[in-house]
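Asker: So that we are looking at the same thing, I have put the structure below in structure tokens.
The values are calculated or read from the model by the stated rules, or taken from the named source; none is laboratory data. Because the structure is predicted, anything quoted here is derived from the model rather than measured. As a convention, Cβ positions derive from the backbone with ideal geometry for all residues, glycine included, and neighbour counts pool all protein chains shown. SASA here: full protein model, heavy atoms, side chains in, ligands and nucleic acids out. Shrake-Rupley method; radii C 1.70, N 1.55, O 1.52, S 1.80 Å.
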Amino acid sequence: MTLCIESIALREIRLPLKEPFRISSGVCTERRIPLLELTDASGAVAWSECVAGEEPNYSSETIDTAWLAIREWLAPRLLGKRIDGAAAVHDVLERDIAGHHMAKAALEMGCWAVEAEQRAIPLSRLLGGTRERVPTGISIGIQDSPAALVTRARRALSDGYRKIKVKIQPGADVDYVAAVREALGSEVSLMADANSAYRLSDADHLARLDAFALLMIEQPLGRDDLVRHAELQKRLKTPICLDESITDVDRCEDMITLGAGRIVNIKPGRVGGFTVAKQIHDSCMAHGIPVWCGGMLESGIGRAHNVALASLPNFSLPGDLSPSARYWERDIVTPEWTMDREGLVPVPLDRPGIGVTPDIDRIDDLTVRHERLAAPMVARR
Ligand code: OSB
Ligand code: MG
């Protein structure tokens with residue numbers, strides 16, 4: 001199917017979190033979220049979200065660098081151009097433009113949603129998804145004390161979450177994990193995410209976490225430390241899962257070759273969109289490496305894209321795909337995202353595209369910047 005994107009409305013909204021979310025590299029109280037509304041020449045319209053953060057801590061990108069990259073270099077590659085379907089968009093955006101994966105992903109994932117609209121099928125099914133519900137875990141930010149973390153972990157368990165991930169950093173790690181394991185018992189799927197807060201010289205300290213039978217430890221070392229992660233993995237019983245380090249399919253295959261990790265957190269935004277996310281999914285499946293879908297505190301629009309991806313078969317571990325009410329007083333889509341008592345989020349299969357409707361009045365109220373990008377008239381002939 002041919003795509004020809006005629007215009008892109010780029011907006012920035014501000015959406016306050018119900019409670020601050022703290023990770024080792026920073027804290028977030030209010031999300032600044034770039035939203036894209038893509039209009040195709042066929043009349044199909046679809047929305048996507050850019051997952052860049054406000055500060056360059058999780059990756060070198062920020063909301064403002066993504067905005068610039070989309071406007072100056074990336075959107076002009078698509079606007080008014082005939083492209084051979086969403087699967088061809090990644091190469092168009094990648095050629096001679098280094099990095100800016102989250103900016104590229106916002107456009108690329110928007111194009112997949114446009115194609116799903118054109119074909120009148122759910123985004124999940126266009127991507128090759130097979131599940132009707134996706135198992136869901138929670139990611140709990142760093143708390144002031146082990147007791148405060150235990151309170152939140154207990155609540156999450158009673159809500160039905162199938163996996164509990166706790167953020168850790170030096171000074172808030174072994175005691176915190178020990179308290180949660182003690183409180184929840186040995187059966188619960190528990191894991192820790194360090195967001196690169198440690199160094200290889202902390203290996204003996206991290207090995208103390210082996211006592212708590214964690215499902216995995218996510219991204220203990222730096223993003224470029226594949227060789228050091230391989231060394232650390234030799235010294236840990238707990239499987240290492242990589243997040244920040246896996247920026248493309250080659251990095252994923254390097255991880256496998258080196259033994260730098262045994263599980264992959266796939267975030268489509270981090271890898272430039274769905275095409276590469278699917279390649280990583282397929283490569284991991286071929287190597288017997290389980291994957292799960294990570295989150296970046298997305299609004300209901302980005303969540304729709306993540307849920308669609310997480311419906312693919314090798315997403316065998318619960319994703320960070322909490323329902324809307326975990327993050328927001330009110331989401332920006334209808335219906336809001338929900339999770340049942342078994343910790344399952346339904347994949348919307350009863351309607352085409354991303355499966356939820358952006359609440360335009362609410363989005364307008366939350367918008368702090370707006371720009372319309374369109375093909376120049378000359379390029380349209
Ligand atoms: O490392 O997975 C991470 C949020 C912001 C930046 C990095 C991460 C996270 C999360 C949030 O863990 C998960 C969610 O969206 O619920
Ligand atoms: Mg992570």
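Asker: Which net charge results for the neighbourhood of W112, defined as the other residues with beta-carbon distances under 11 angstrom from its beta-carbon, given Lys and Arg at +1 and Asp and Glu at -1?
Answerer: Net local charge, W112 excluded: -1.
Asker: Mind ranking 321-334, 105-118 by how tightly packed they are, going by the mean number of other C-beta atoms within 10 angstrom, highest first?
Answerer: Final packing ranking: 105-118, 321-334.
Asker: Give the Cα extents of segment 1-120 along the principal axes, in whole Å, largest first.
Answerer: 43, 31, 20
Asker: Size of the chain along its principal axes in angstrom, Cα-based, largest extent first?
Answerer: 65, 41, 36
Asker: Output ³J(HN,Hα) for segment 213-218: one whole-Hz value per residue in order, computed from phi by the Karplus curve 6.51 cos²θ - 1.76 cosθ + 1.60 with θ = phi - 60°, and x for Gly and Pro.
Answerer: 6, 6, 4, 5, 10, 8
Asker: Now for a different question. Give the long-range amide H neighbours of E49: residues separated by 5 or more places, or on another chain, with amide H under 5 Å away, using H modelled in the peptide plane at 1.01 Å from N.
Answerer: Counting only residues 5 or more places away or on other chains, the set is L36.
Asker: Applying 1/(1 + (r/R0)^6) with R0 = 25 Å to the Cβ-Cβ distance of D250 and E72, what FRET efficiency is obtained, to the nearest 0.05?
Answerer: E(calc), rounded to 0.05, equals 0.40.
Asker: Here's another thing I want to ask about it. Consider just the alpha-carbon atoms of segment 79-141 and return their Rg together with their Dmax, both in angstrom.
Answerer: Computed over the Cα atoms of segment 79-141, radius of gyration and Dmax are 14.7, 44 Å.
Asker: Just to verify a number: FRET efficiency for R14 and D84, C-beta to C-beta distance, R0 = 41 Å, to 0.05?
Answerer: 0.65
Asker: Rounding to the nearest 10 and keeping the result within 0 to 90°, find how far the Cα-based axis of helix 300-310 lies from the longest principal axis of the chain.
Answerer: 70
Asker: For every helix of n ≥ 4 consecutive DSSP H residues, a contribution of -39,500 (n - 2.57) applies; sum these over the chain, divide by its total residues, and give [θ] at 222 nm rounded to the nearest 500 deg cm²/dmol.
Answerer: Taking each H run of at least 4 residues, the total per residue is -9500 deg cm²/dmol.
Asker: Also, I was wondering about something else. Calculate how steeply helix 226-235 sits against the longest principal axis of the alpha-carbon atoms of the chain, using the helix alpha-carbon long axis, and give the answer as 0 to 90 degrees to the nearest 10.
Answerer: Computed tilt is about 30 degrees.
Asker: In addition: Would you pull out the residues with amide H under 5 Å of V134's amide H, same chain only if 5 or more places away, H placed 1.01 Å from N?
Answerer: Here V345, V347 satisfy the definition.
Asker: Could the peptides 87-99, 361-373, 66-78 be put in order, highest first, of the mean number of other beta-carbon atoms found within 10 Å of their residues?
Answerer: 66-78, 87-99, 361-373
Asker: Can you work out ³J(HN,Hα) from phi for every residue in segment 129-142, in order, using Karplus 6.51 cos²θ - 1.76 cosθ + 1.60 and θ = phi - 60°, giving whole Hz and x for Gly and Pro?
Answerer: These are the phi-based 3J(HN,Hα) values: x, 10, 7, 9, 9, 10, x, 10, x, 10, 10, 9, x, 5 Hz.
Asker: Pop out the carbon and sulfur fraction of the accessible area of the chain as a percent, whole number, probe 1.4 Å.
Answerer: C and S atoms contribute 48 percent here.
Asker: So how tilted is helix 249-258 from the main axis of the chain? Cα-based, degrees 0 to 90, rounded to 10.
Answerer: Tilt of helix 249-258: around 20 degrees.
Asker: Which entries of K104/K165; K234/K278; K165/K234; K104/K278 have Cα-Cα distances beyond 19 Å here?
Answerer: K104/K165; K234/K278; K165/K234
Asker: Give, as a single signed number, the net charge of other residues whose beta carbon lies under 12 Å from the beta carbon of I256, with Lys and Arg counted +1 and Asp and Glu -1.
Answerer: -1
Asker: May I ask you to evaluate 6.51 cos²θ - 1.76 cosθ + 1.60, the Karplus curve with θ = phi - 60°, for each residue of segment 107-113 and list the ³J(HN,Hα) values in order in whole Hz, giving x for glycine and proline?
Answerer: 6, 5, 5, x, 5, 4, 5
Asker: Give me the extension gain from R154 to R362: residue separation times 0.36 nm, minus the current Cα-Cα distance, reported in nm with one decimal.
Answerer: Here the segment from R154 to R362 would lengthen by 71.6 nm.
Asker: A further question on this structure: So with the 1.4 Å probe, I'd like the accessible area per residue for segment 1-134, rounded to whole Å².
Answerer: Here the per-residue accessible area is 38 Å².
Asker: Sticking with this structure for a sec: For segment 79-120 and segment 47-73, what is the centre-to-centre distance using only Cα atoms, to the nearest Å?
Answerer: Their Cα centres are 16 Å away from one another.
Asker: What net charge do the residues around I142 carry, taking every other residue with its C-beta under 9 Å from that of I142, with Lys and Arg at +1 and Asp and Glu at -1?
Answerer: +1
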